[in-house]
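Only one structure is covered here, and it is reproduced in the block below.
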Ligand SMILES: Cc1cc2nc3c(=O)[nH]c(=O)nc-3n(C[C@H](O)[C@H](O)[C@H](O)COP(=O)(O)O)c2cc1C
């Protein structure tokens, strides 16, 4: 199973970049998972402008991002919230992607996670992020993991200070990949692995 991970943020010291790197480490340890992490800065794109689209076509950064999405079976995205909603750079990327035919997000399994410096762990913002993704017929995993007060949550090695948080993230990603691979046939060993893990964590009574 191919998983593409990115955080739609540009800031160098971004907490969402730290969180998506941790998510990448976690899923890279699952069997039969090929995880590919990219920085959003690798996909430069202007603010959507219909005139620019008409005169110059789809920007190269959008095409490259679309290729990564198309090649993946599942996508993990870590986004902050801006003013309680979906940040502009993320929405802008989704709007550009929606101009492609076929839309690369269609039919994709997506897991949203996030970090923000406020109390709500970017949950309000990512609730809004679900809307355009649903409109574009992506399948957004219902569960969510967020880091609140992100400025205090990471240590000097960019790991989550609280081991309980890492465990919650690991469980979410494990459940997401199990869910995302359910409908696929070539991932029997992956499913067996997750069943075993589940029994180890919650032995049948
Ligand atoms: C325009 C803007 C709006 C923001 N709005 C919120 C908000 O609604 N809730 C919140 O918890 N943090 C908010 N923040 C603070 C972000 O959580 C913080 O900048 C965070 O570090 C952004 O994610 P990053 O570290 O991945 O860049 C906002 C920041 C900016 C720049």
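We did not get these values from a lab; they are worked out from the coordinates using the rules stated. Everything quoted here is computed from the prediction, not taken from an experiment. Here the Cβ positions follow ideal geometry from the backbone for every residue, glycine too, while neighbour counts run over all protein chains shown.
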Q.
Using a 10 Å cut-off around each Cβ, can you sort 86, 45 from fewest to most neighbouring Cβ atoms?
A. 45, 86
Q | CD proxy at 222 nm, helix term only [per DSSP H run n ≥ 4: -39500 (n - 2.57); per residue of the chain; nearest 500] | A | -14000 deg cm²/dmol
Q) For the Cα atoms of the chain, what angle does the longest principal axis make with the long axis of helix 15-28, in degrees from 0 to 90, nearest 10? A) 50
**Q.** Most fluctuating residue given options 81, 39, 53, as computed from a GNM of the chain linking Cα atoms under 10 Å
**A.** 53
Q.
Among 91-103, 4-16, 111-123, how do they line up by average Cβ neighbours within 10 Å per residue, starting with the highest?
A. 111-123, 4-16, 91-103
Q | region 2-201 shape via C-alpha gyration tensor axes, a/c threshold 1.5 | A | oblate
Q: Could you state the angle between the C-alpha long axis of helix 123-135 and the longest principal axis of the C-alpha atoms of the chain, as a value from 0 to 90 degrees rounded to the nearest 10?
A: 60
(Q) If R₀ is 35 angstrom, what is the calculated FRET efficiency for the pair residue 28 and residue 98, using the beta carbon separation as r and rounding to 0.05? (A) 0.70
Q) Roughly what % antiparallel, to the nearest 5, for the DSSP beta bridges in region 2-201? A) 10
Q. Just 174, 159, 109 to compare: in a GNM of the chain, with alpha carbon springs under 10 Å, which one fluctuates most?
A. 159
Q: Would you mind checking the tilt of helix 188-201 against the longest principal axis of the Cα atoms of the chain, expressed as 0 to 90 degrees and rounded to 10?
A: 50
